[in-house]
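The values are calculated or read from the model by the stated rules, or taken from the named source; none is laboratory data. Since the model is a prediction, treat every value here as computed from it, not as a measurement. Every residue, glycine as well, gets a Cβ built from its backbone with ideal geometry; the counts of neighbours run over all protein chains shown.
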Amino acid sequence: MRLFVSEGAPGSLPVLAAAGRAQGRAELLISTVGPEECVVPFLTRPKVPVLQLDSGNYLFSTSAICRYFFLLSGWEQDDLTNQWLEWEATELQPALSAALYYLVVQGKKGEDVFSPVRRALTHIDHSLSRRSCPFLAGETESLADLVLWGALYPLLQDPAYLPEELGALHSWFQTLSSQEPCQRAAETVLKQQGVLALRPYLQKQPQPSSLEGRAVSNEPEEEELATLSEEEIAMAVAAWEKGLESLPPVQPQQNPVLPVAGERNVLITSALPYVNNVPHLGNIIGCVLSADVFARYSRLRQWNTLYLCGTDEYGTATETKAMEEGLTPQEICDKYHVIHADIYRWFNISFDIFGRTTTPQQTKITQDIFQRLVARGFVLQDTVEQLRCEHCARFLADRFVEGMCPFCGYEEARGDQCDKCGKLINAIELKKPQCKVCRSCPVVKSSQHLFLDLPKLGKPLEEWLEKTLPGSDWTPNARFIIRSWLRDGLKPRCITRDLKWGTPVPLVGFEDKVFYVWFDATIGYLSITANYTDQWEKWWKNPEQVSLYQFMAKDNVPFHGLVFPCSALGAEDNYTLVSHLIATEYLNYEDGKFSKSRGVGVFGDMAQDTGIPADIWRFYLLYIRPEGQDSAFSWTDMLLKNNSELLNNLGNFINRAGMFVSKFFGGFVPEMVLTSDDRRLLAHVTLELQHYHQLLEKVRIRDALRSILTISRHGNQYIQVNEPWKRIKGNEADRQRAGTVTGLAVNIAALLSIMLQPYMPTVSATIQAQLQLPPPACSILLTNFLCTLPAGHQIGTVSPLFQKLENDQIESLRQRFSGGQAKASPKPAAVETMTTAGPQQIQVLMDEVTKQGNIVRELKAQKADKNQVAAEVAKLLDLKKQLALAEGKPLETPKGKKKK
Amino acid sequence: MAAAAELTLLEKCLGLSKGNKYSAQGERQIPVLQTNSGPSLTGLTTIAAHLVQQANKEYLLGSTAEEKAVVQQWLEYRVTQVDGHCNKDDIHTVLKDLNSYLEDKVYLTGYNFTLADILLYYGLHRFIVDLTVQEKEKYLNVSRWFCHIQHYPGIRQHLSSVVFIKNRLYTNSH
C-alpha cells in the first residue's frame, strides 16, 4: 500500500503516528505530493493524506486511514471510539480549521484563535475528568487518542492555546506528545517550525466554511444521568427525615454588613456602568444580573455578603453628553444615575449599595493610592503632543477634533478615525483641524502626562497571579486575556488626561489635569464601599479573610485583572485583590448587535414597557447567559423557553403539586410512607441539588439553572407515573399512595422555590407564600433535600405562576425593537394577553366546549369514521385548553394519555 | 429527515422490534441514545453502528479490515459532506464524485451491501427526489446505485420511491 502525504498537511500527523501499528502486516510506501495534486481519481477537490490500498481502492479520510492501521493490528472497533471519531469529524474539525486559518493564514493571535475551539477543548477536558480515565476510550491509548491528538497537535503545541485550567486535557496531551511515534510524526510534519510549517498547505486551501459568522449557541453541554449507590440513597433519606431541625439558626441581617473573622466573607462587585448610556440587555446580563444571582446565592448560604455597584461618572463622554444636552456634567450624572438605579430596581437587583464615583471619598482614596505610588517610584512623567484650542483654553480629546483625513482627504474625519476610509488617525496628523466646540483652529502643544510604570510592577503582579490563579474560579477567557497581555509585555500606561471633569491630580504642575477614568474607575468600588460604611477597610484591606468576586464582560478584564492590581500592589497597603474574576462573553441581539443609535435591541428602560414581568426577563437572560461562548437574545427562543420550560415544566409541576394538596387533602400535607421508588427520587433530587451547589460555587450560573429545571422534570414524571388523581379515588392503599406522592411532590416544589430564589426572586416568594413555607427554610439552602413541609402542614391558596407568551405578542415586540421605528409604537403591546379573560369570554368558550362535546358524542354514537372523530376530538381539546387558560387554571394532561 | 426519524427507519430495516427513544442535542439536533447498559451514545453514525451490533448483523459494518475502514469512511462522508453542505453546488460536487466512484461498483464497498449504503441512501434521498431527468442521467452510476438500494428489501419504507427512466433520453450528455 502507498501513503500519499503533502508538506504541511495537518492530516499527516495522526496518520504517521498510527502507521506504526500496521508495521509487519503490510508494506507501506510513502510518497510526497504537492498540496494541489489530485491523488484520488474520483474526488474533485485535492485531498491528502490518502492511502492507496493494494486492492486499488483509496482511503481518503484521515480517521479511516488510522482506523485501517489499527484494524490491521487486530484491534476491534467499539462504540466509544466511533463516537469520538464522529465528534472529531463533525465538531472538532470545523472549529479547528477556523482556528488554524485565523492563526496561520490570517496571522491573528490570542482570543481570536482560541475562541472557536474553546467549547471543543472544554468538552474533551470534561469527558476525560468525568470518566477519570487517562485516555479517551479507556485505560490504554487507542485510535481515538491518536486521531484527536494529531488534529490538535499543531494548535496545542503552543502552550498559549493549552490553558492549564483544562487540567485533564493538559495531561492527556502531554502524555501522548511524549510518546515516540507521536514525537516522530510531529518532527516530520512540523519540522520544528511550529504551526507555521502548515502555512504553505493551508494557504492553498479554501477558507473554512465555519468562518462565516461566529458560532453562537444558546444550548449547554449535555450532562449524563448518574447512577445511584445504596449509600447515597440511604444518606439522602436520612437527611430528608431530619427535616427542619437540621436548619441552623438564621443570622439576623447586619447593617452595615461587615466581614467576620473565621467565617466566609464574600465581597461582590459588578462592573460600574458608564453613566451616560442606558444599559442594554447584554450589559445587564454581563455584570449586574450575573453578580446578583451570585450575591443572592451567597446570602442563601449564610455567607457574609456585600454586593456593590454604582455609576462611573467622570470622563470625556460625560462632558460631551453635557454639552449636547446643555447641562453641566454634574447635572448629567445626577439625571442618568437615577435612570440606572431605576432600571436595576425594576430588575430586582439586590445591591447593598448602588453608589457613584463623583464623591469626596473617591477623590480621597484615589489621591492616596496615587501618592503612595509616587512615593514608591511607580509613576513616570513624559511629554505627549496634543492639540490645544487656545480659544477654549483646553487640550482637545480626540472626539472634540475634526479635520481633513491625512490619508483620503475626507473633510470631516474625526480625531481618532476617518469615517470614510476607516483608517485610524493620530489627532495631530489631521489636516486643517478644527475644535468641534468653537470651530477655531487648534495648535499642537506638548503636554506633560503621568504614566503608571507597569513594567516595573510586572514582577509583583506575576507573583500575585501565580498565587491567585491556580484553583480559583477565574473564567477561562479572563485567564487567557491576562496571559496574552503579559506575553506581549507590559508598557507604561497613561493615567492623566487634559480634562476638567475628573478626579484632580494632586501634584505640582498638574493642577489643570485629572486622572484618566480607568485609573480611578476601579477605585470606585472602594469609595462606594466607603460611602456605605466608614469601616470600608475591613472589606478592602483584608485579603486574608475576604473573597473578592468581580463580575464584568470580557472587554473589562485588563483593567480589573491587571491595571488595578498593579496600582494596588504598587501602593503597598495590603489591598484586597480580585480572587475570582468572572467575565462573560458577548450577548448578541437576534442576528446582530445591540445598537442604541439605530434603535436595535432592548434596552433596560424598555424591558418594563413590554408587559413581560422582570422575573421572566431574568430567567431568559440567565438561561442564555454568554457563559463560555457568545450567545444571542431571540424573541422566538424567549417565547419557546417561557412556554416550554417555565409554563409547561416548572410552573406546571409546582402548581399541580400544590393543587393536589388543596383539592385532595383539604390544604394539609398528607402522611408520606416512602417506597423504594420514592427513596430513589429523593436521592436523585439530592444529587441534582448538590450539582447545583457545585456549579454555583464555581459561578457557572447558567448551568446551575438547568439543575432546577431537571428537578422539576423529575417531579413531573413522578406525578405522571404515579397518577395521584386516580389513586385518590381508589382503595385505602391507593389513597395512601396518592398521599405520599402528593406530599413528596409538594416538598420538591418547596425546595425548587428556594433554589429559584437567586434567579427569580419574585416568583420564588410567590411560591413560598402559596405553600406557607416556614420562614427559616426560605432563607437558607443546605446541600441536602429536607422535608420542609411535614405531614399536617397547612398550605395557602395555590394559583398559576406563569402566563403563556403568544406568537403575535412576541412578533409585535420583535418588530418594535428591530430598529427603524424606534419611536413609532410607544404603547405596550402585551397588556391584554397578560390579564385573565373576562367572564363574558369565558362563558362563550364554555358554550363552545359544550357544543363541541355534543358533536363528538353524536359521532361516536353513529360509529362514524375514525379520522373524523379524531379531528373533532382535537377541536374539543383545543377549546378546553383555551378555556383553562382563560380561567387561569393549570393545564392538566388528559388522563388517558400515558407518558413514559 | 430528522436524525431520530432516520434511526427509527434503520431500526425497522434491521428488524429491531423495540423502538428506542432519541433525544436531540444542540443546534444541529445531533441524536442521542440513552442505552440501558451504559452511558449515552451521541451521533448518527455511532448510534447506527451500535444498532447494527444490537441486531447481530455485524456484517453490515464490513468483514475485512479494508471493508470496515471503507464503511466508516463513507459514514463519515455522509455526516460531513452530505449533511454538512446544503447549497446546490456542494451537493453537485458530492454527486459528481460519487458517480465517478461508483463507476465500477455495485455497492460502496464494492460487492457487499453495508450500513454505508443504507445511510448514504437516507442522506441523499432529499436531494435525489429533486433531480431532473437530465441530471439523473448525468449521474448515471449514482442513479443505478440509488435505484438498487431503494428496492433492497425493507430499506425504503415510507420514503417516496424515485423514478428512474431506463432508456437514455439525452444521448449527448455524459
Test of understanding: among A:Glu688, A:Glu671, which residue is touching a helix residue (DSSP H, G or I) at 6+ places or on another chain (Cβ under 6 Å) and not in a helix (DSSP H, G or I)? A:Glu671
Checking the structure you have, find out if any residue of the stretch B:154-161 is surrounded by fewer than 18 Cβ atoms within 10 Å (Cβ to Cβ) and at pLDDT 95 or above. no
Looking at (1) surrounded by 14 or more Cβ atoms within 10 Å (Cβ to Cβ); (2) over 30 Å from A:Gln253 (Cβ atoms); (3) touching an Asp or Glu at 6+ places or on another chain (Cβ under 8 Å), find the lone condition where A:Met323 falls short. (3)
Pairs where the first residue, in the stretch B:142-166, is closer than 20 Å to B:Leu98 by Cβ and the second is of a type in the set (Lys, Arg), C-beta under 7 Å, 6+ apart: B:Ser143/B:Lys136; B:Gln150/B:Arg156; B:Phe164/B:Lys136
Among the numbered conditions (1) at pLDDT below 90; (2) more than 19 Å from A:Arg372 (Cβ to Cβ); (3) buried (at least 21 other Cβ atoms within 10 Å of the Cβ), tell me where A:Gln550 comes up short. (1)
Can you give me the number of residues within the stretch A:241-266 that are in contact with a helix residue (DSSP H, G or I) (Cβ under 8 Å, 6 or more places away or on another chain), over 21 Å from A:Thr576 (Cβ atoms) and assigned to a loop (DSSP other than H, G, I, E, B)? 3
Residue within the stretch A:335-353 that is surrounded by fewer than 19 Cβ atoms within 10 Å (Cβ to Cβ) and more than 30 Å from A:Trp617 (Cα to Cα) present: no
Among (1) at negative phi; (2) surrounded by fewer than 20 Cβ atoms within 10 Å (Cβ to Cβ) - the single one A:Thr686 does not satisfy: (2)
Within the stretch B:88-122, considering residues that are outside any helix (DSSP H, G or I), more than 10 Å from chain A (Cβ to nearest Cβ) and among the hydroxyl-bearing types (Ser, Thr, Tyr), the one nearest to B:Val162 (Cα to Cα): B:Tyr107
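Hey, which of the helices (runs of 4 or more DSSP H) in the stretch A:108-188, taking only ones fully inside, have at least 2 residues that are under 27 Å from the mean Cα position of the chain (by Cα) and among the polar types (S, T, N, Q)?
A:111-131
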Across the stretch A:816-843, the tally of residues that are modelled with pLDDT of 70 or more and either at positive phi or surrounded by fewer than 15 Cβ atoms within 10 Å (Cβ to Cβ) (or both) stands at 1
Quick check on the stretch A:321-328. Is at least one of its residues more than 28 Å from A:Gly628 (Cβ to Cβ), β-branched (Val, Ile, Thr) and without any contact (Cβ under 8 Å) to a residue 24 or more places away in the chain? yes
Looking only at the stretch A:66-89, filter to residues that are surrounded by fewer than 22 Cβ atoms within 10 Å (Cβ to Cβ) and under 17 Å from B:Leu51 (Cα atoms); which one of those is nearest to the chain's Cα centre (by Cα)? A:Leu80
Would you mind stating whether A:Ser6 is hydroxyl-bearing (Ser, Thr, Tyr) and crowded, with 21+ Cβ neighbours inside 10 Å? yes
Of these, B:Gln73, B:Gln134, which one is assigned to a helix (DSSP H, G or I) and away from every other protein chain (no Cβ under 11 Å)? B:Gln134
From the list B:Gln53, B:Gln34, exactly one residue is farther than 18 Å from B:Leu119 by Cα, within 9 Å of another protein chain (Cβ to nearest Cβ) and of a type outside the set (Val, Ile, Thr). Which is it? B:Gln34
Answer with yes or no whether A:Tyr58 is of a type in the set (Phe, Trp, Tyr) and at pLDDT 90 or above. yes
When (1) in contact with a helix residue (DSSP H, G or I) (Cβ under 6 Å, 6 or more places away or on another chain); (2) within 12 Å of chain A (Cβ to nearest Cβ); (3) in a helix (DSSP H, G or I) are applied to B:Glu66, the one that fails is (1)
I need the helices (runs of 4 or more DSSP H) fully contained in the stretch A:467-577, keeping only those with at least 2 residues that are in contact with a strand residue (DSSP E or B) (Cβ under 6 Å, 6 or more places away or on another chain). A:476-487, A:524-532
Given the conditions (1) more than 10 Å from chain A (Cβ to nearest Cβ); (2) assigned to a loop (DSSP other than H, G, I, E, B), every one holds for B:Gly84 apart from (1)
If you take the residues in the stretch B:37-50 that are facing chain A (nearest Cβ under 8 Å) and not in a loop (DSSP other than H, G, I, E, B), which one is surrounded by the most Cβ atoms within 10 Å (Cβ to Cβ)? B:Ala49
So how many residues does the stretch A:277-297 have that are of a type in the set (S, T, N, Q) and surrounded by fewer than 23 Cβ atoms within 10 Å (Cβ to Cβ)? 2
